[in-house]
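Since the structure comes first, as structure tokens, the remarks are kept for the end.
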Amino acid sequence: MKEYADNPRIHLARGEGCWLIDTSGRRYLDGNASVWTNVHGHNDSDLNAALKSQLDQVAHVTLLGMNHVVATELAEDLSTLTGGKLARCFYTDNGSNAVEVALKLSFQYWQLVGRPAKRGVIAMSGAYHGDTFGTMSAGDHRGFHQRFEPWLFSSHKFSAPTHSECAGRIQQSDAKVSLRELETLLKAQASETACLIIEPRVQGAAGMMQQPKGFINAVEKLCRQYDVHLILDEVFTAFGRLGALTVAEQEGVTPDFLCLAKGLTAGYLPMGATLTSEKIYQAFEGDFSEGRTFFHGHTFSGNPLGCAVARASLKKLRPMISSGQLTESAALLGKEIESTFSTHTHVARYRQVGLTGAIDFCPANRERRWTASLRAGYKVSLAARRHGLIIRPLGDSILFVPPIAIKPDEIRHLIKAVRLAADEVLPTLQTDTLS
């Protein structure tokens, strides 16, 4: 908080497309997609119209014991993401709680079908699934969660694959070790494991760490073989981020639970959704006296405004995907990252898939490292503001997550601004601050 208070803050007043404008009229490209949520840009006329139309009807009604039309319509829309295979929808209000619901449903399901010993969780190293206690327990992000470990339940981890690509070119890939490790774990623990949870294709908070195509298919097959639920956390990866509505659709995978949020409402309103199958839904059916009730709820679950804007976003997103626009944008992002940073003195690694990317900074003398207290990535992100860009750092890295609707000239601005900021900041860190 001292660092935050000591540094200049931007007070944002409005948005136009992929740009944010502060109270002084300065414009910044939203290279962070407002924490990875924005799909169609800010102040989109179609989404605004959908929101205003719903506001004229009702802003909020509870789903506790009742229903409203737009919640049903959105649930029907979301069921098409899996071709109707996951037709049951449970609404929440953010990604962490979408995952919490999946975990709790899995735990309770195994109790209801007479297998209460299946209560464990398997996750991948580097995993981040949220900041609530269940999601922290399932995750593996010590920088965020280590101090809370005494209060967390234990979970098993298997190694993330070594894979890196940019602009469609694979730089390195080895998933076999990871899958062998997972199968060994399942052989030993399946009878006591409820579910496996994974962020498919890209682990965002781990630094845009990637998995090769086909990896999730292999994970699904192992889950089916060993009778363990598969939870896909697509809070970050869905709604065009990787070029399709979901990675599950892209790779032909049907999980037991599909967790959605962030881009679900195109960055307009907080909403989460957990999709599951009819088989799992039916385990919860029965009279109240049977004790099958899933006791979980949020005040704003299925909020009509959120549902309305989510439906409007999906309507706009489908033709963007089918037209090839997102494929072209992703190809350009990769090309610009590679041409700008592949030979940069202060870049150790870079990677990109879809509209996600990262560059890892390093001293010019690559045998040494900066101390964490130097905050290399953070200082580059501050300098980027002077070049009209808001971007998110992670340690010594910069993460590229622009709005889905970003235009070619805006992609070029994004990369150029980071390059200018890096060239200003990084050479000043290398002289007497190495360790």
Taking springs between alpha-carbon atoms closer than 10 angstrom, which of D77, D56, D396 fluctuates most in the Gaussian network model of the chain? D56
Choose one of P212, L222, S191: the residue whose Cα lies farthest towards the positive end of the charge dipole of the stretch 191-234 (beta-carbon charges +1 Lys, Arg; -1 Asp, Glu; about the Cα centre). P212
Cβ-Cβ FRET estimate between T345 and S173, R0 fixed at 35 Å, reported to 0.05: 0.85
What is the projected area of the convex hull of the Cα atoms of the stretch 198-353, averaged over all directions, in nm²? 12.3 nm²
DSSP bridge orientation in the chain - percent antiparallel, rounded to nearest 5: 70 percent
Going down the table (K118/K213; K262/K335; K118/K176; K85/K221; K187/K221; K157/K221), which pairs top 23 Å between alpha carbons? K118/K213; K262/K335; K118/K176
Listing I359, I21 by rising number of other beta-carbon atoms within 10 angstrom, fewest first, gives I21, I359
Taking a cut-off of 15 Å between Cα atoms, list the aspartates and glutamates near K379, but don't count ones fewer than 8 places away on the same chain. E3, D6, D360, D396, D423, E424
Order these by the 10 Å Cβ neighbour count, fewest first: T276, T62, T184. T184, T62, T276
Give the aspartates and glutamates reachable from K315 as a straight Cα distance under 18 Å; neighbours fewer than 8 places away on the same chain don't count. D44, D46, E73, E76, D77, E249
Whole number please: convex hull volume per residue, Cα atoms of the stretch 105-214, in Å³. 113 Å³
How large are Rg and Dmax for the stretch 1-120 when only the alpha carbon atoms are used, in Å? 20.5, 62
For the chain, the convex hull over Cα atoms projects on average to an area in nm² of 21.8 nm²
I'd like the chymotrypsin sites (Phe, Trp or Tyr not before Pro) in the stretch 294-353 restricted to DSSP loop residues with at most 12 other Cβ atoms within 10 Å, sorted by number. F295
Using alpha carbons only, what's the Rg to Rh ratio of the stretch 48-188 with Rh from Kirkwood? 1.05
Kindly provide the Kirkwood hydrodynamic radius of the stretch 210-301 in Å, to one decimal, from all pairs of distinct alpha carbon atoms. 15.1 Å
Sorting L152, S313, M66 by the position of each Cα along the dipole of the stretch 48-320 (Lys, Arg +1; Asp, Glu -1; all at Cβ), the one nearest the positive end of that ordering is S313
The stretch 292-435 - Rg over Rh from alpha carbon coordinates, Kirkwood radius: 1.12
Which is the longest run of the chain containing none of the GluC sites (Glu not before Pro) found in DSSP loop states (not H, G, I, E, B) with at most 16 other C-beta atoms within 10 Å? 1-284
Dipole magnitude of the stretch 48-320 about its Cα centre, charges +1 at Lys/Arg Cβ and -1 at Asp/Glu Cβ only, in debye to the nearest 20? 440 debye
Hey, rough spin-label estimate for D409 and H156, points 7 angstrom out along Cα→Cβ, what's it come to in nanometres? 5.5 nm
Would you mind computing, in nm to one decimal, how far apart the modelled labels at E16 and S289 are, each placed 7 Å from Cα along Cα→Cβ? 6.6 nm
Summing -39500 (n - 2.57) over the DSSP H runs of n ≥ 4 in the chain and dividing by its residue number, what mean residue ellipticity at 222 nm do you reach, to the nearest 500 deg cm²/dmol? -11000 deg cm²/dmol
Student exercise, the stretch 40-151 dipole from Lys, Arg, Asp, Glu Cβ charges, in Debye to nearest 20: 720 debye
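Any read-out appearing in this document is the output of simple, stated calculations on the displayed coordinates, not a laboratory observation. Here the structure is a predicted model, which means the values were calculated and not measured. Virtual Cβ from ideal backbone geometry, glycine too; neighbours counted across all protein chains shown.
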